[in-house]
Every structure is written in C-alpha cells, then in structure tokens.
Amino acid sequence: MTDYEKIISELRQEIKQSRQENKRLQLLVNDLIKSNDELKQKLAYYENPHSPPSQNSLSWKKQKQEKRENRDGKSNRGGIAGHRGATQIFAPQKTTHHRLSACPKCNGTNITQIKTKKRIMVSIPPPQQHVVTEHVLHRYNCQTCHVTFQNDGNLPPTGNFDGSVIKSVVNMFSKRMPYDTIRASLQEQNGLHITNTTVQSILQTGQMLLEPFHEEIRHKIRTSDVAGFDETGYSVDGKSAWMWVARTDTEAQYVLEYSRGAKILKKHWKRFKGVVVSDGWKPYVTVFCKNKRQRCTAHLQRESRDVAHKSKDASAVVLYGEFSEIFSDARIYCTLNHKKMQRITYASYLSGKTDGIIKRYMDGDDVMVSFGKKLQIAQNSLFTFVIYPGVPPTNNNTECSIRKCVMQRNVRGQAKSNAGMRMLSVFLTCFETWRIRGQNMLSEMAKYI
C-alpha cells in the first residue's frame, strides 16, 4: 500500500469515527432536550399562578423569603399583646366529691376540712360492644282491599346493619379513614368483625339513604341566585376524571365525571340562570354565555403578580399595584349602601381604569402582552360584584370546598368504579353542605338514616 493510500485510509477512518461521535452527541442532545421539556412542565406546575399559593410553589417560596428579608423586625409572631385568651369553658353536668376520712401520713381520724378545690374534667364513656337483634317483620293481608303489607320497623332497605352502624361507618368515612382503618376501628371499639367489602356495602346503603338530601341540594343550587363553579382532577380506576363543584352560601354539590368539557356543565347545570362565579376555563364561558358572570379576581391578581416577577419591564410591577388597588377600592365600595344606578356608574368607572391598564400591558414585553389579552377577554365580567350585592368578587369559597375533595383524593387515591364515583359525590355533597351550614353531621344524618 502506497503512502497516498494509507493517508486516504486514515482519513476515511477519522471520518467514520467523527460520524459515530456526531451521532452519539445528537442522541445526547435529544435526551437533554427531552429532559429540559419535562423540567419545564414540572416548573410550570409548581409556579402556576392560577392555583392558590402553596409550600410547593417555588415562586411563592421566593416571595416569602423576600418578605422575611424586608421585615422591619417590629412585627412578631403570635398573639397580639393584651389579646384576651380563648380557653374553652365546660359547664359541669354532675358533681363528684373526693373526701378523706383519715390522714394519709399517720392514719389519724381527727381531721378537719379547711377548704375545697374544684377541677372540671371531661370524660368520654367507653365504647359499647355491638348487639345483634332479630327483627320479626309481620306481614298482613287486608280482607277488604286484598293488599299485602308489613311493618318494616324503619330498618334500612338492604343489609344486616341498622342505622347506628351505618351512621358510624359514614362518620368515619367523612374523616377520610380508609376501609381497612374503618374495619379495624369497629373491631377494636365495638367487637364487630367485618371485611373491607362489608364496609363498602354499608357505605353504599348509607349513600342510598342520603340520596333524597343530595337531590334536594341539587335542586337548590340549580335555582339559586349566585353559584361558584370549579373542578379538579380525580383518577378513577387509572382513567382521568374530574370532580366538579357547584357552591352557594349554604350548599355545595359535587359531581365526579370522566370529562372536563362543557357537556358536564350542560348535563347538571344547564338550567341554572343565576350569576356564575368562576375562573377563566372556557366551558364556563361557553355554557353560561347568557348568564351574568363574575370572573374570579383572585386568579387574575395572582397572575398579575406572577407577570410582575417574570417580566423584564419595570412597569409590570407598577401595573400590578394599580390593578390590585382597583379591586381593593371596589371591595371597600361594596361594603357601603348604594343605589343600583350608582353601582352601575362606579362599575363603568372601574372598567375604564382597567381598560387603561390593559393598554399599558399591551405595550410591554411578551409576558405582559399575553396577560393583557387575557385581561381584555375577562374585562366585561370583572365588576359584576359591584353592581349586584351578594355576588363575591372571588371564587375562594368554591376553592375551599374543592379542597375537601383534594384531601379525600390524597388519602384514598383513586375511585374504583362508577358506583364509587356516585357514592363519593353524594357523601361529599352532604358532608360539605352540613359543614357550610354549621350543622352537626350525626344529627343531620339521623334524619335520613
């Protein structure tokens, strides 16, 4: 082989190695791009301004750190100086005297009582063991109209457990106890040995008995003047589903469905004619296009704050302050008594100020322009609460109610079937409605179970 051929061979070998190296580097670049996209998705989840701030939010932690550094040192944690305590006082129902007839040191009986000291103690009676009762249901036949009937004794329609067991199991379910914990609690406290499947059957019976109350709540929300709507994800047997919540001042209705689209709103709340309080999710605008709407101002204020942190334009911070001040003035205005025409005039004035803020957002960078477009779409539904008394400016109450579903989801994981979806919807509707009304759950359950 000549020298020329050797050089050519070496060059070909180098070209082959460089191609292999380029291929390896390209695969590495593709992996880095994929990892970068995944990290961006996670970061967007944790820094989502549309959700309430939490300890998982990186931007929220940054803001808390800034507040901590800027604290003047005068404001301390804890109660206000001179604040009256709030120790709970129990009224005694009975009195027990603890007397002595002899001295504990010398056992002498020549003792004289000099004074008494009172202590109020709270006690809980020990749980009772379960009792098995045989119910004999007598059937009768009317000789006049030939109708057969019997006295059902107010027993549940199915199962071998009466109302006391059903109420106890449903009460433990409301405390987010898993089936296995409910089973163990009944065994330890009441000596009742049952399986997890039996616990589920008892809960299904409880759901059946609470259905009338659930329907009553559904009708009241459908005919109410104002209602807030929200939704959150909830997995059902490995499939994506969503828990929808409709909330008024006195009721809350939960619906677990497989869709997050407009068809769910049409299915359950198509006839709702009142004021709709919600975020900017498009199905709310589509389905309730003829309703008066109140856009949740808390969502927009959080997003405006997020824009102020992300934008490189210094005017974004100023606009966030002005935007927040508008809603602060509006809330103060709503605490006073005004005639409807005065409210309409003031709402028009606030809308004009917002229009000026939108124009200044549109003159900023890409982050500000994006938020300006969203604000422009929501502008007509920002100050409904100013015109109509009783309409809240935010959807915070509904978000507090949907938090109950999130806590159930975090403890129980996912629902397993359509029957489980319905049972969870009915129970959460009853539990949350009683909580909102400040009613005792066991007392209210006794009316139906």
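Here Glu325 passes the criteria (1) surrounded by fewer than 19 Cβ atoms within 10 Å (Cβ to Cβ); (2) more than 27 Å from Ser224 (Cα to Cα); (3) in contact with a helix residue (DSSP H, G or I) (Cβ under 7 Å, 6 or more places away or on another chain) except the one numbered (3).
For region 304-341, residues that are within 22 Å of Lys373 (Cβ to Cβ), part of a loop (DSSP other than H, G, I, E, B) and within 29 Å of the chain's Cα centre (by Cα) total 0. Listed by first and then second residue, the pairs linking a residue in region 153-181 that is at positive phi and modelled with pLDDT under 90 to a residue that is assigned to a loop (DSSP other than H, G, I, E, B) and surrounded by fewer than 17 Cβ atoms within 10 Å (Cβ to Cβ), with Cβ atoms under 8 Å apart and 6 or more places separating them unless they lie on different chains, are Gly153/His135; Gly153/Leu137. Residue count for region 139-169, restricted to those that are of a type in the set (Phe, Trp, Tyr) and more than 30 Å from Glu444 (Cα to Cα): 1.
A residue that is in contact with an Asp or Glu (Cβ under 7 Å, 6 or more places away or on another chain), surrounded by 18 or more Cβ atoms within 10 Å (Cβ to Cβ) and closer than 18 Å to Asn380 by Cβ can be found somewhere in region 292-313. Here His193 meets the list (1) touching a helix residue (DSSP H, G or I) at 6+ places or on another chain (Cβ under 9 Å); (2) over 19 Å from Ile449 (Cβ atoms); (3) assigned to a helix (DSSP H, G or I) almost entirely, failing just condition (3). Take the residues of region 290-348 that are β-branched (Val, Ile, Thr) and touching a residue at least 24 places away in the same chain (Cβ under 8 Å): which is farthest from Thr384 (Cα to Cα)? Applying the filter and picking the extreme gives Val307. In region 363-382 there is no residue that is without any contact (Cβ under 8 Å) to a residue 60 or more places away in the chain, closer than 22 Å to Gly274 by Cα, in a helix (DSSP H, G or I) and β-branched (Val, Ile, Thr).
The values are calculated or read from the model by the stated rules, or taken from the named source; none is laboratory data. The model shown is predicted, which means the values in this text are computed figures rather than measured ones. Ideal geometry is used to build each Cβ from the backbone, glycine not excepted, and the neighbour counts take in all protein chains shown.
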